[in-house]
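*Asks:* Mind looking over this structure? Questions follow.
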Amino acid sequence: MFPLPYPLARAFLFGLDPEIAHELTLGAIARLQNSPAQGLWRQARIDDPVTIAGLRFPNRVGLAAGLDKNGRCIDGLGAMGFGFVEVGTVTPLAQPGNPKPRMFRLPQAQALINRLGFNNEGLNAFLANVKRARHFRKSGGVLGLNIGKNAATPIERAADDYLACLDGVYPHADYVTVNISSPNTTNLRELQSDEALDALLSALQKRRLKLARTHGRSVPLFVKIAPDLDEPQVQLIAQTVRRHHIDGVVATNTTIARDAVKGLPHADEAGGLSGRPVFEASNRVIGQLRNALGKGVPIIGVGGVMSGADAKAKIDAGADLVQIYTGLIYRGPGIVSEAAKALARR
């Protein structure tokens, strides 16, 4: 089956409310994945293997968490040519997220604003979906599972939620990402502060060591941070990551800054801004993080990758791997192979 030209699909989808378009797309992928109809979006995976954190990635380009929060479309999304796919954020209990409307397009800036708030069906449903995925990992794809806390859980008990999620996802993940940087869960970013991060990562590392003994394998643990950190904050995070032997960092999440979109429709909506406007801030944090961490700790660079050249810039800034989210919405599946080819040539 011939691929569907993305400009046609985008014209239709951009005529809909952003969240309706999102759910319609994921619903179609969930129904059609692993069938002949998957040829509508399937792309050959670019072969550019690299070993990071003890995992063999078939190429350096991945899907960022947040697109498929419930892990419904792992095989279908993986068929777009990704070397790795990260799904979630999942929380222990199902929750609806923030009130609608909560997603907004800013086409002039190639950007999105969302304040979804970890809307998901909960850990049990998430794991059932992950277990049903069968082709992506068999073909060599790497699967990351992204964990968070419920909105109703007090911030002082956040570790309980992260530990419950880690227990659940550990047997099924190639790596686990600890999301402490979404701006859409009240007080969540407080976990990036020195004392709170130290306590959280200490608890998670102790639990991971126990799980590694139980399951007979060590699953790499990454922590996802915000682009709105200053250099001293980045250095503190790097020191804490090293102190607790965390395997890597995902840099970065969405931004709360609005300077790059000031005056555009929807620019003043609350939530996290993603896409082109976060590119430079993300690269700045990646560079600072690489300087602070040295060469031994992997960084997954994410934020504003809209082309192959952008993916290369992430690697040049200090990342080992890159992830795409908003670029996929604006450019379609073709951006995956474009980015992977650019990094393979590099």
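*Asks:* Taking the condition of being surrounded by fewer than 15 Cβ atoms within 10 Å (Cβ to Cβ), in a helix (DSSP H, G or I), at pLDDT 95 or above and more than 20 Å from the chain's Cα centre (by Cα), how many residues in the stretch 130-156 meet it?
*Replies:* 2
*Asks:* Filter the stretch 278-309 for residues that are within 17 Å of the chain's Cα centre (by Cα) and not small (Gly, Ala, Ser) and give the result.
*Replies:* The first filter runs over the stretch 278-309 and keeps only residues within 17 Å of the chain's Cα centre (by Cα), leaving 278-279, 281-283, 285-286, 298-306.
Within the stretch 278-309, VAL278, PHE279, ASN283, VAL285, ILE286, PRO298, ILE299, ILE300, VAL302, VAL305, MET306 qualify.
*Asks:* Residues that are touching a helix residue (DSSP H, G or I) at 6+ places or on another chain (Cβ under 7 Å), at least 2 per element: which strands (runs of 3 or more DSSP E) completely within the stretch 1-98 meet that? Outline the logic, then answer.
*Replies:* On the way: elements: 50-52, 55-57, 61-63, 84-90.
Filter on the stretch 1-98 gives 61-63, 84-90.
*Asks:* Considering only residues of the stretch 3-33 that are touching a residue at least 60 places away in the same chain (Cβ under 8 Å) and under 22 Å from ARG102 (Cβ atoms), which is nearest to the chain's Cα centre (by Cα)?
*Replies:* HIS22
*Asks:* Could you check the stretch 2-26 and list, in sequence order, the residues that are surrounded by 14 or more Cβ atoms within 10 Å (Cβ to Cβ) and of a type in the set (Gly, Ala, Ser)?
*Replies:* Passing the criteria: ALA9, ALA21.
*Asks:* Which residue pairs have Cβ atoms under 6 Å apart, sit 6 or more places apart or on different chains, and have a first residue in the stretch 295-319 that is surrounded by 19 or more Cβ atoms within 10 Å (Cβ to Cβ) and in a helix (DSSP H, G or I) and a second that is acidic (Asp, Glu) and modelled with pLDDT of 95 or more?
*Replies:* Between residues of the stretch 295-319 that are surrounded by 19 or more Cβ atoms within 10 Å (Cβ to Cβ) and in a helix (DSSP H, G or I) and residues that are acidic (Asp, Glu) and modelled with pLDDT of 95 or more, the close pairs are GLY308/GLU338.
*Asks:* Hey, can you tell me all the residues within the stretch 176-230 that are hydrophobic (A, V, I, L, M, F, W, C), more than 18 Å from LEU273 (Cα to Cα) and assigned to a loop (DSSP other than H, G, I, E, B)? Reasoning before the result, please.
*Replies:* First, the residues of the stretch 176-230 that are hydrophobic (A, V, I, L, M, F, W, C): 176, 178, 180, 188, 191, 196-197, 199-201, 203-204, 209, 211-212, 219, 221-223, 225-226, 229.
The next check asks that each one be more than 18 Å from LEU273 (Cα to Cα); those that pass are 176, 178, 191, 196-197, 199-201, 203-204, 209, 211-212, 219, 221-223.
If the condition is that a residue be hydrophobic (A, V, I, L, M, F, W, C), more than 18 Å from LEU273 (Cα to Cα) and assigned to a loop (DSSP other than H, G, I, E, B), then VAL219 is the only one that fits.
*Asks:* Restricting attention to the stretch 112-129, and to residues there that are over 16 Å from the mean Cα position of the chain (by Cα) and not in a loop (DSSP other than H, G, I, E, B), which single residue is nearest to PRO92 (Cα to Cα)?
*Replies:* Let us first name the residues in the stretch 112-129 that are over 16 Å from the mean Cα position of the chain (by Cα), namely 121-125, 127-129.
Narrowing the set further to residues that are not in a loop (DSSP other than H, G, I, E, B) leaves 123-125, 127-129.
On the way: LEU123: 5, ASN124: 8, ALA125: 10, LEU127: 11, ALA128: 14, ASN129: 15 Å.
That would be LEU123.
The values are calculated or read from the model by the stated rules, or taken from the named source; none is laboratory data. Because the structure is a prediction, the values reported are computed rather than measured. So basically every Cβ, Gly included, is an ideal-geometry build from the backbone, and we count neighbours across all protein chains shown.
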